[in-house]
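Working notes for the structure below.
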Amino acid sequence: MVTLHAVGFDLDGTLFDHQGSAEAGVDAFFLSLGIDPSSGARQAWFEAEKTHFERWRTGQISFQDQRRKRLRTVLPLLGMKPPEPDAQLDELFDVYLRAYQEEWRAFPDSLELLRALRASRYRVGLLSNGAEKQQLDKLRRTGLADEFDVVCTSEAIGVQKPDPAAFLVLAQGLGVRVSECLFVGDNAAHDVAGARAAGMRGLLVDRYETHSEGITEAVLSELVSSSKTAR
């Protein structure tokens, strides 16, 4: 077994609490529209987000279009007619976006974990399927921006997880062989299967159930385990 020298991370759902931030943001957005932020309304929003974000991820629609289609999908279900012009839809989505941004938060252990890894001389990287500006803004506003040796967003590198090529770009940026890197993420297909297909070690985490108290122990245990095996 090859000794690990680097750790790569997914962002949303792994280091950044997208679910918590988005739930608070969409509740505020619905209230601003006079819509009851019920569990059903929230579920409709996140189902539309998942559907249309995946369409963007696979290149079927633009990033801005996936936002517009979310509104066109959800608002009629909640008894509201969405505006027809794209410009008005964009303005309406900006209301949600501002509410979402005000709730942006990293998970409580994220900063400490990243610093501990770098103090232990691991190279640390980020690989995220997302728009460059928004993902970098998340890192800056949550205090994580300076904790990585390399940051790769799918928009910037031109390839999406789970394509093995995305993980190869990450390894190159970290200056390690792909087999020397552990990748940590919350999506079994995009993060773990993709990493393993590229030749990386993959660790699946679940911030909202199995690892609700934090992921530090799981990450460090994986690194210790690989170190013992390498001997």
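Just to verify a result, which residue in region 173-231, among those that are β-branched (Val, Ile, Thr) and at pLDDT below 95, is farthest from the chain's Cα centre (by Cα)? So that I can check it myself, show each step before the final result.
Keep residues of region 173-231 that are β-branched (Val, Ile, Thr), which gives 176, 178, 184, 192, 205, 210, 215-216, 219, 224, 229.
With the extra rule that they be at pLDDT below 95, the set shrinks to 210, 224, 229.
Working: Thr210: 18, Val224: 25, Thr229: 30 Å.
Checking each candidate, the answer is Thr229.
Filter region 81-112 for residues that are assigned to a helix (DSSP H, G or I) and in contact with a strand residue (DSSP E or B) (Cβ under 9 Å, 6 or more places away or on another chain) and give the result. Lay out the reasoning, then the answer.
Taking region 81-112 and keeping what is assigned to a helix (DSSP H, G or I), we get 86-102, 110-112.
Correct list: Ser110 only.
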For this session: Being touching a residue at least 12 places away in the same chain (Cβ under 8 Å) and either polar (S, T, N, Q) or in contact with a Lys or Arg (Cβ under 6 Å, 6 or more places away or on another chain) (or both) is the filter; apply it to region 119-136 and report the residue that is surrounded by the most Cβ atoms within 10 Å (Cβ to Cβ).
Result: Ser128
Exercise. What are the residues in region 38-73 that are of a type in the set (Gly, Ala, Ser) and surrounded by 16 or more Cβ atoms within 10 Å (Cβ to Cβ), if any?
Worked result: Ala41, Ala44, Ala48
Exercise. Of the numbered conditions (1) crowded, with 18+ Cβ neighbours inside 10 Å; (2) in contact with an Asp or Glu (Cβ under 9 Å, 6 or more places away or on another chain); (3) among the charged types (D, E, K, R), Glu147 satisfies every one except a single condition; which is it?
Worked result: (2)
Exercise. Taking into account only those residues within region 160-172 that are outside any helix (DSSP H, G or I) and under 15 Å from the mean Cα position of the chain (by Cα), which is surrounded by the most Cβ atoms within 10 Å (Cβ to Cβ)?
Worked result: Lys161
Problem set entry | Thr216 touching a residue at least 24 places away in the same chain (Cβ under 8 Å), within 21 Å of Gln19 (Cβ to Cβ), surrounded by fewer than 20 Cβ atoms within 10 Å (Cβ to Cβ) and not aromatic (Phe, Trp, Tyr) | yes
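The values are calculated or read from the model by the stated rules, or taken from the named source; none is laboratory data. Treat the numbers as computed from the prediction; the structure is a model and nothing was measured. Don't worry about glycine lacking a Cβ; one is built from the backbone with ideal geometry, like all the others, and counts go over all protein chains shown.
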